[in-house]
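Report on the structure given below.
The values are calculated or read from the model by the stated rules, or taken from the named source; none is laboratory data. Keep in mind that what you see is a predicted model, and the values were worked out from it rather than measured. Don't worry about glycine lacking a Cβ; one is built from the backbone with ideal geometry, like all the others, and counts go over all protein chains shown.
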Amino acid sequence: MEFLNRHPLGFEDHMAHIIVGPVVVKDPSFLFQPFLKKIDKLGVVNSRNILANSQYTAKRIREIYGCKASVCYPFVDLDLFKPIDINAVTNETCRKYNFSKPLLISTGRIIPLRRIAWLIDVMKNITKTFPSATLAITGEISQGNINYVREIEKKALSFGVERNVKFLGFVPDTELVKIYNAADAYVHICPHEAFGLSPVEAMACGAPVLATPVGAIPDVIRNGETGFLIPSNDPKNIAKRINELLSNPKLLEKASANAYKYVRANFSEEKVLESWRKMLREIGICH
């Protein structure tokens, strides 16, 4: 305490907290943001080569730093994420999780930024056409987001779709593959996404992706070919389009086949490693 009495600003717990007088600031990062931004920019503009995980990210780097970036997508484990016996896995998965069809799935972090609550508004309208539809939401549920999950559950209850919406919590990839294969569609309506691998993993399993065209989504979704873009933030419009697609299984099957081929051609480990080698050759590190 003597150090803090003699100095107006003190440090403890390796910067986990900062004590300013009698006030403890649990997240001191905002104090250093101007400095960190300068360090960040210096690191980027002085790099020999910059690697971006999508065309969208490369564009943002060009806009913010004025630098060109090479695009190298992350790879998907195609030995794991792949189509399996659909009829068998659908029956098994629906029994295990008490799903009814049609089955929609959404994965990822359950946080307000991703606006998972929008999906409840969407389901309210989908169930008018498909009363038995199920929305399965996977993602870790912890002390950090349990209140948000409860808010969403209350919303589902108020809309009368609480039986149609299922929070599965964390699901291991080996189980997620089965759910992807059983799903009629993967729904992704996150308003901000630099690049998310989950939709691509779903595509690798043959699940058609229905998504809003944000971030890197247009990099991988060719509307009407490898999936479907829904250019709207209105839950009613999103639900209307999803209902139209669920009513047209042949269109979904076509997108499913195209998505599978597209991911195998562009997101295999071999393809990604070759992109890395090409970049390293360009800067003289690899021959």
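Is there a residue being of a type outside the set (Lys, Arg), within 23 Å of residue 93 (Cα to Cα) and touching a helix residue (DSSP H, G or I) at 6+ places or on another chain (Cβ under 9 Å) anywhere in segment 232-243? So that I can check it myself, show each step before the final result.
Quick first cut of segment 232-243, residues of a type outside the set (Lys, Arg) only: 232-235, 237-239, 242-243.
Remaining after also requiring within 23 Å of residue 93 (Cα to Cα): 242-243.
Pick out the ones that are also touching a helix residue (DSSP H, G or I) at 6+ places or on another chain (Cβ under 9 Å) and you get 242-243.
There is at least one residue in segment 232-243 that is of a type outside the set (Lys, Arg), within 23 Å of residue 93 (Cα to Cα) and touching a helix residue (DSSP H, G or I) at 6+ places or on another chain (Cβ under 9 Å).
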If you take the residues of segment 146-175 that are surrounded by fewer than 14 Cβ atoms within 10 Å (Cβ to Cβ) and β-branched (Val, Ile, Thr), which of them is nearest to residue 119 (Cα to Cα)? 146
Which ones in segment 245-274 are among the acidic types (Asp, Glu) and under 15 Å from residue 186 (Cα atoms)? 253
Quick one: in segment 161-190, of everything that is in contact with a helix residue (DSSP H, G or I) (Cβ under 8 Å, 6 or more places away or on another chain) and in a loop (DSSP other than H, G, I, E, B), which residue is farthest from residue 124 (Cα to Cα)? 171
So, in segment 247-287, of the ones that are assigned to a helix (DSSP H, G or I) and modelled with pLDDT under 80, which residue ends up farthest from the chain's Cα centre (by Cα)? 282
Looking at (1) at pLDDT below 90; (2) assigned to a loop (DSSP other than H, G, I, E, B); (3) touching a strand residue (DSSP E or B) at 6+ places or on another chain (Cβ under 6 Å), which is the only condition residue 207 fails? (1)
Residues within segment 125-141 that are crowded, with 17+ Cβ neighbours inside 10 Å and not in a strand (DSSP E or B), tallied: 7
Here the residues within segment 210-243 that are assigned to a helix (DSSP H, G or I) and closer than 24 Å to residue 130 by Cα are 235, 236, 237, 238, 239, 240, 241, 242, 243
Tally, over segment 109-124, of residues that are free of Cβ contacts under 8 Å to residues at least 60 places away in the same chain, exposed (fewer than 14 other Cβ atoms within 10 Å of the Cβ) and of a type in the set (A, V, I, L, M, F, W, C): 1
For residues in segment 84-105 being assigned to a loop (DSSP other than H, G, I, E, B) and touching a helix residue (DSSP H, G or I) at 6+ places or on another chain (Cβ under 6 Å), which is farthest from residue 138 (Cα to Cα)? 84
Exception for residue 108 within (1) in the same structural domain as residue 198 (by TED's automatic domain parsing); (2) modelled with pLDDT of 95 or more falls at (2)
Using the structure shown, decide if residue 78 is outside the structural domain of residue 163 (by TED's automatic domain parsing), under 17 Å from residue 176 (Cα atoms) and modelled with pLDDT of 90 or more. yes
